[in-house]
Each structure stands twice: as structure tokens, then as C-alpha cells.
Amino acid sequence: MDRQEEDEDRVKLFGFWASPYVYKVEWALRIKDIQSDYIEEDLENKSDQLLEYNPVHKKVPVLIYQGKPIAESEVILEFIDEAWKHCGDRILPEDPHERAMARFWVRFGKDTLSPPIWKWFTTQGQEQEAAYAAAVEQLQILEKELDGKRFFAGEKMGLVDLSLGPFSYIIPIYEEINGVKLITEEKLPSLLAWMGNFLNSSIVREHPPPMDKLKLRCQAIREAFLKNTS
């Protein structure tokens with residue numbers, strides 16, 4: 001194999017340090033024990049490579065496998081599970097019904113849970129109070145689904161855990177900035193325990209997001225939103 005072929009066979013990941021979608025992919029690769037080359041993108045000045053590999057959305061993450069690009073984090077997670085099905089733990093369940101339900105909860109997190117949490121973080125007054133109530137209502141649905149389990153997939157992480165995992169560090173940052181707890185042991189004990197289990201897992205502990213840097217970024221985002229709506 002010559003150097004060019006060897007380079008094409010390398011797994012590459014185009015990402016951005018603050019993107020929770022990129023972290024999902026990095027953690028999935030770690031579950032499978034797959035080595036990859038990470039390429040940091042400047043989203044204000046996107047590289048020609050990124051635009052070539054993801055011309056539709058022009059976003060990260062993008063995974064390069066055998067010289068071919070795969071975009072969108074949830075698509076990439078399923079691809080990783082299929083491409084390296086005999087490596088590490090499975091990310092998706094084998095059972096068709098469990099697999100379908102995992103995909104359901106991924107969509108729930110993206111379409112139903114994320115919007116009120118984001119609105120709670122970026123608003124104030126009555127609008128923020130209404131968003132808080134809506135977020136708690138959806139979190140209670142997740143609490144029931146967890147029902148004391150270590151992870152959504154059981155004893156080991158799976159697709160739902162990876163997809164919802166960024167909430168385990170984003171929500172505490174939002175809580176600290178807003179000065180209000182969204183998840184408490186009294187109201188959501190299983191969810192709070194899951195957040196701890198996720199953050200303390202080896203794949204996350206060995207590759208944690210930069211919390212101090214993220215907090216500063218989140219503070220700036222909230223201030224910008226409030227300024228634009230005042």
C-alpha cells in the first residue's frame with residue numbers, strides 16, 4: 001500500500017471543539033476503539049475540504065471513511081455501528097423493535113426535548129418560565145423511560161445515550177448560568193444518576209468537553225440572545 005492509499009484509508013473526523021454533535025461521533029469511535037485523525041474547523045471560515053465533503057449542509061461533523069464522506073451525527077453513529085459491527089460494543093440494539101425505539105428516543109431528544117431547554121436558556125420572564133415548565137414535562141417522560149436503569153441501553157451505552165449524552169454537561173452549564181436547577185434528585189433521580197453515569201464513563205472521562213471554555217461560550221450566547229430580544 002503506498003502513502004496515498006494509506007492516507008485514504010485513514011478515518012478522519014471534521015469537527016468543532018464546541019459541537020455536541022461532534023462529541024457524539026468521537027465517543028462512538030471510542031466505543032469501537034477506532035483511531036481517527038481529527039481536523040478542527042473554523043466555522044466562520046470553513047475549509048474547502050469541509051464544503052466539498054458536506055456541500056448540502058456545510059456543517060460538522062463529517063466522517064471520512066475510505067476517502068468517502070458521511071455527514072449528520074445520527075447518520076454517522078449508525079454508520080460506525082455497521083462499519084465496525086465486530087469491534088467493541090454494539091451501538092444499536094440487535095432486536096428490530098428495540099432498534100426502532102432507540103431511533104424514536106433520538107428523535108424525541110432532538111425534536112421535542114431540545115427546543116424547550118434551549119428556549120429556557122435563551123429567554124427570560126414569563127417566556128422563560130413557560131419554557132422551564134415545558135422542559136420539565138419532557139424530562140419527566142425521559143425519567144420514566146430510564147426507570148432506574150444505568151443507561152438507556154441498559155448496563156452499557158447505546159445510541160440513545162450517545163445522542164442525549166451532551167445534555168449531561170450542557171444542562172448543568174445552563175443551570176449555573178441561569179441560577180435555576182432543571183434536574184434535581186427529588187424530581188428526576190434516574191435522569192440525574194444517568195447524567196453522572198455518562199460523565200463518569202471511561203469514554204467520556206478520557207475525552208471530556210472543555211467545560212470552562214464551553215461555559216464562557218454559553219454565557220456569550222445567552223447575553224447575545226437577550227440583547228437581541230430586549
Name the residues whose placed amide hydrogens come within less than 5 Å of the amide hydrogen of Ile39, ignoring near sequence neighbours (fewer than 5 apart) on the same chain. Leu13, Phe14, Gly15
The range 110-152 scanned against label point 7 Å out from Glu185 along Cα→C-beta; backbone N under 20 Å for 140, 143-144, 146-151
Residues of the range 111-145 with amide N under 15 Å of the 7 Å Cα→Cβ point at Asn228: 118-124
Along principal axes, Cα extents of the range 3-158, largest first, whole Å: 59, 40, 21
For the range 43-131, with equal point scatterers placed on the C-alpha atoms only and solvent neglected, what are the log10 I(q)/I(0) values from the Debye formula at q = 0.15 1/Å, to two decimals? -0.82
Extended-chain gain in nm, criterion 0.36 nm per residue less alpha-carbon gap, Leu214 and His57: 54.2 nm
Pull up the DSSP beta bridges for the chain and report the antiparallel fraction as a percent, rounded to 5. 65
Compute the FRET efficiency between Gln66 and Cys87 as 1/(1 + (r/R0)^6), taking r as their Cβ-Cβ distance and R0 = 25 Å, and round to the nearest 0.05. 0.95
Cα axis of helix 167-178 to longest principal axis of the chain: angle in degrees, 0 to 90, nearest 10? 40
Cut-off 10 angstrom, C-alpha nodes, Gaussian network model of the chain. Which of Ile141, Ile91, Ile170 fluctuates the most? Ile141
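Send over the per residue convex hull volume for the range 20-91, Cα only, as a whole number of Å³. If you can, show how the numbers build up before the last one.
Values: hull volume 6.3 nm³, N = 72.
About 87 Å³ per residue, rounded to a whole number.
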In degrees between 0 and 90, to the nearest 10, how far off the longest principal axis of the chain does helix 189-200 point, with axes built from Cα atoms? 40
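Counting only protein heavy atoms and using a 1.4 Å probe, what share of the accessible area of the chain belongs to carbon plus sulfur, as a whole percent? Don't skip to the end; give the middle numbers.
Numbers: 6320 of 12740 Å².
Heavy-atom surface of the chain belonging to carbon and sulfur, 1.4 Å probe: 50 percent.
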With all protein chains present and a 1.4 Å probe, how do Lys215, Lys24, Lys119 order by accessible area, largest first? Lys119, Lys215, Lys24
Taking Cα atoms, the helix 211-229 axis meets the longest principal axis of the chain at an angle in degrees (rounded to 10) of 60
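The values are calculated or read from the model by the stated rules, or taken from the named source; none is laboratory data. Small disclaimer: the values here were computed from a predicted structure and weren't measured. For neighbour counting, all protein chains shown are included, and Cβ atoms are generated from backbone atoms with ideal geometry for every residue, glycine included. The accessibility values were calculated without ligands, DNA or RNA, using every heavy atom of the protein model including side chains. Shrake-Rupley method; radii C 1.70, N 1.55, O 1.52, S 1.80 Å.
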